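This report refers to the structure that appears directly beneath it.
The values are calculated or read from the model by the stated rules, or taken from the named source; none is laboratory data. It should be emphasised that the depicted structure is a prediction, and the values quoted were computed from it without experimental measurement. When we count neighbours, we look across all protein chains shown, and the Cβ atoms used for this are built from the backbone with ideal geometry, even at glycine.
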Amino acid sequence: MSLLCSGAIRQSATRKWASRTFIRCTSSYSDRDQKTTSFGFKTIPAHEKESMVKNVFDSVASNYDLMNDAMSLGVHRLWKDEFVSSLKPGRRGPMRCIDVAGGTGDIALRLLDFAREKYADRETSVEVVDINAQMLKEGHRRFKQTMYHNTPQVSFHEANAQELPVEKFIDNSYDLYTIAFGIRNCTSIPDVLKEAYRVLKPGATFACLEFNKVTNPLLGPIYDQYSFSVIPLLGTLLTGDRASYQYLVESIRKFPSQPEFAQMIRDAGFVTGKDIDGAAWNNLWGGVACIHTGVKV
């Protein structure tokens with residue numbers, strides 16, 4: 001075969017390889033762009049949600065307590081207390097905890113206080129993880145006012161709940177995983193649950209506190225009226241930010257029902273109780289909020 005002919009064949013093969021590679025790459029990008037998810041009541045390309053949610057929480061970080069007070073009439077504080085007390089951190093000795101989407105430190109502080117006050121435990125630790133730097137900054141500022149500042153009991157980490165860095169968040173390394181009012185803002189809830197399962201030790205607990213579906217037929221209409229009329233208005237009056245509060249209200253309605261979310265937890269590998277209130281989940285205020293738990297086996 002002549003060198004000219006051989007070269008032509010090689011060039012032709014190279015063009016075909018490049019063409020196939022280009023098709024695969026463009027197909028990959030196309031598949032990614034075609035995936036959609038919800039942002040409140042809007043349907044958006046999945047890859048856009050992370051930055052859009054980040055903008056919301058950049059906006060509300062300094063008013064986080066005010067936001068939750070507006071959305072729950074202040075009851076979120078009692079819900080968080082009940083959430084932590086139901087987990088009894090420190091009861092069986094020091095625990096290594098990871099609190100995800102917990103940037104402001106609300107849950108972390110409660111975990112540490114509960115362990116110390118109830119069981120004289122000063123060794124339980126919490127690693128606070130959040131994708132939003134502004135929320136973490138707020139949490140770090142708050143912890144400066146506590147006895148836990150500059151101790152091994154608390155640390156703050158910027159990371160994505162859907163893909164925790166494996167070199168930092170090692171498999172089978174935590175006794176308790178908590179996430180409060182955060183999982184509904186994640187692009188892929190199944191990916192969050194898979195990561196939770198990965199980092200927990202066998203026998204450890206996954207616990208989620210989240211706004212959920214109201215099961216009380218009398219409370220439901222009142223709650224809807226308050227949510228869609230009052231909360232966005234309060235967002236405007238208190239912070240000048242109606243859009244963020246409107247999204248947060250809508251995101252609650254898009255979150256799976258209690259049985260649906262319990263099944264998602266099981267699909268990730270966890271064991272839960274039966275699909276009834278008081279087993280797989282515990283409704284708070286008729287389902288306005290809900291505690292979901294699962295155990296890694």
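Set side by side, the residues D58, D81, D99 differ, and just one is in contact with a Lys or Arg (Cβ under 9 Å, 6 or more places away or on another chain) and of a type in the set (D, E, K, R), which is D81.
Summed over the stretch 189-219, the residues that are surrounded by 15 or more Cβ atoms within 10 Å (Cβ to Cβ) and free of Cβ contacts under 8 Å to residues at least 60 places away in the same chain give a count of 3. The residues of the stretch 59-77 include none that are acidic (D, E) and not in a helix (DSSP H, G or I). Which of the residues spanning the stretch 135-192 are in contact with a Phe, Trp or Tyr (Cβ under 6 Å, 6 or more places away or on another chain) and of a type in the set (D, E, K, R)? Selection gives R184 alone.
Determine whether the stretch 175-182 contains at least one residue that is over 26 Å from S62 (Cα atoms) and of a type outside the set (G, A, S). Steps first, answer last, please.
Step one: filter the stretch 175-182 for residues over 26 Å from S62 (Cα atoms), giving 175-176.
With the extra rule that they be of a type outside the set (G, A, S), the set shrinks to 175-176.
Scanning the stretch 175-182 turns up at least one residue that is over 26 Å from S62 (Cα atoms) and of a type outside the set (G, A, S).
Note on the stretch 123-153: residues that are of a type in the set (A, V, I, L, M), under 15 Å from D106 (Cβ atoms) and either more than 16 Å from the chain's Cα centre (by Cα) or at pLDDT 95 or above (or both) total 3. Taken together, the residues in the stretch 269-290 that are surrounded by fewer than 20 Cβ atoms within 10 Å (Cβ to Cβ) and aliphatic (A, V, I, L, M) amount to 3. Taken as a whole, the stretch 34-56 holds at least one residue that is farther than 20 Å from A180 by Cβ, of a type in the set (V, I, T), buried (at least 16 other Cβ atoms within 10 Å of the Cβ) and at pLDDT 75 or above. Among residues of the stretch 88-101 that are loosely packed, with under 14 Cβ neighbours inside 10 Å, none has a Cβ under 8 angstrom from a residue that is in a strand (DSSP E or B) and basic (K, R) at a sequence gap of 6+ or on a separate chain. Under 9 Å between Cβ atoms, at least 6 apart or on separate chains: pull out the pairs that start in the stretch 153-173 with a residue that is under 20 Å from P94 (Cβ atoms) and end on any residue that is assigned to a loop (DSSP other than H, G, I, E, B) and among the acidic types (D, E). That search, which allows pairs on different chains as well, returns Q153/E123. The residues of the stretch 235-263 that are more than 20 Å from V53 (Cβ to Cβ), among the aliphatic types (A, V, I, L, M) and surrounded by fewer than 18 Cβ atoms within 10 Å (Cβ to Cβ), listed by number, are L237, L238.
Scan the stretch 78-106 for residues that are within 23 Å of G235 (Cβ to Cβ), within 18 Å of the chain's Cα centre (by Cα) and in a helix (DSSP H, G or I) and the total you get is 3.
Whenever a residue of the stretch 271-290 is assigned by TED's automatic domain parsing to the domain that holds L209 and closer than 14 Å to S72 by Cβ, its partners that are of a type in the set (F, W, Y) and part of a strand (DSSP E or B), lying with C-beta atoms within less than 6 angstrom and at least six residues away or across chains, give the pairs A289/F211; C290/W281.
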